[in-house]
Amino acid sequence: MQQTPAITIHSRDNPLVKDLRRLAQDTTAYRKQGRVWLEGDHLCSAALARGLQPAVAVFSESFVPYALDLKALHATKTVVIADALFADISALESPARMGFVMDLPASRAPQAVVPTVVLDRVQDAGNVGSILRSAAAFGFKQVVALKGSAALWAPKVLRAGMGAHFALNLIESVTLDDVQALGLPLLVTSSHQGDYLHQADLPWPCAWVMGHEGQGVDAALQALAHQHVRIAQPGGEESLNVAAAAAICLHASGAVR
């Protein structure tokens, strides 16, 4: 790809800078703009490794000598901004000094009979991002989120996902009908009922349902369950963090394939 000349920006009032600030700091700005902001070398490299092309590569002036030649070659447009301006855009305590603006993947319907994780009102962005990482790591291809779950492409979820977004089919605001249409046995996590995970006969492919941090899985989804599963806790704790529980359950499914 032929490298286009970099554009240098120093004004806080520049329209692109305003858009970047919204994408970096507003959890749902990506829905309005149809783009997402990836800040830092790890996220940017993860996107490139999946063959994705950034719409815009953004570098702070001090970082240009280290990364411009390498990363900008992949972008349609390259922008260099003053260090102080980059810090103003970033939502991080220590700004990463580089980032990509990526087009949001086109919205798709949930795919049937594909190993899936269902998020039922999981609200913490860190938990959601961690669950995406586990899903990608253990062979799940799709994550669907019911209304009330954290925005899947929010900046904090992207950072917690560490690149897992680019390996998954992600669908937001699905309905119970959408979940039923997956055509998969639903495995519903529980802290007090069902088969113990280490003794359970787990179907594959399947859909694991991870519920709200405080309320668990909604009763309507519970009613659709093929199987309820709980994790043995000999230490006597009442429950596990949902992201930790997801990692254990998804690994157990992946291990029995």
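Assorted remarks:
- In the stretch 8-42, the residues that are among the aliphatic types (A, V, I, L, M) and out of contact with any Lys or Arg (no Cβ under 7 Å at 6 or more places or on another chain): I9, L16, V17, L20, A24, V36, L38
- Close pairs (7 angstrom Cβ cut-off, 6 or more residues apart or separate chains): aliphatic (A, V, I, L, M) in the stretch 181-199, in a helix (DSSP H, G or I) anywhere: V188/L221; V188/Q222; L197/I248; L197/C249; L197/A252
- Selection status of T116, among the hydroxyl-bearing types (S, T, Y) and surrounded by fewer than 16 Cβ atoms within 10 Å (Cβ to Cβ): no
- Residue count for the stretch 30-47, restricted to those that are part of a helix (DSSP H, G or I) and either under 15 Å from the mean Cα position of the chain (by Cα) or more than 18 Å from A160 (Cα to Cα) (or both): 9
- Criterion: at pLDDT 95 or above and either touching a helix residue (DSSP H, G or I) at 6+ places or on another chain (Cβ under 9 Å) or surrounded by fewer than 15 Cβ atoms within 10 Å (Cβ to Cβ) (or both) - qualifying residue of Q53, Q33: Q33
- Residue among L152, L224, L182, L170 that alone is among the hydrophobic types (A, V, I, L, M, F, W, C) and either touching a Gly at 6+ places or on another chain (Cβ under 8 Å) or surrounded by fewer than 19 Cβ atoms within 10 Å (Cβ to Cβ) (or both): L224
- Against the test of being without any contact (Cβ under 8 Å) to a residue 12 or more places away in the chain and either in a helix (DSSP H, G or I) or outside the structural domain of A164 (by TED's automatic domain parsing) (or both), the options S134, S94 yield a single qualifying residue, S94.
The values are calculated or read from the model by the stated rules, or taken from the named source; none is laboratory data. None of the values given here were measured: they were computed from a predicted structure. Don't worry about glycine lacking a Cβ; one is built from the backbone with ideal geometry, like all the others, and counts go over all protein chains shown.
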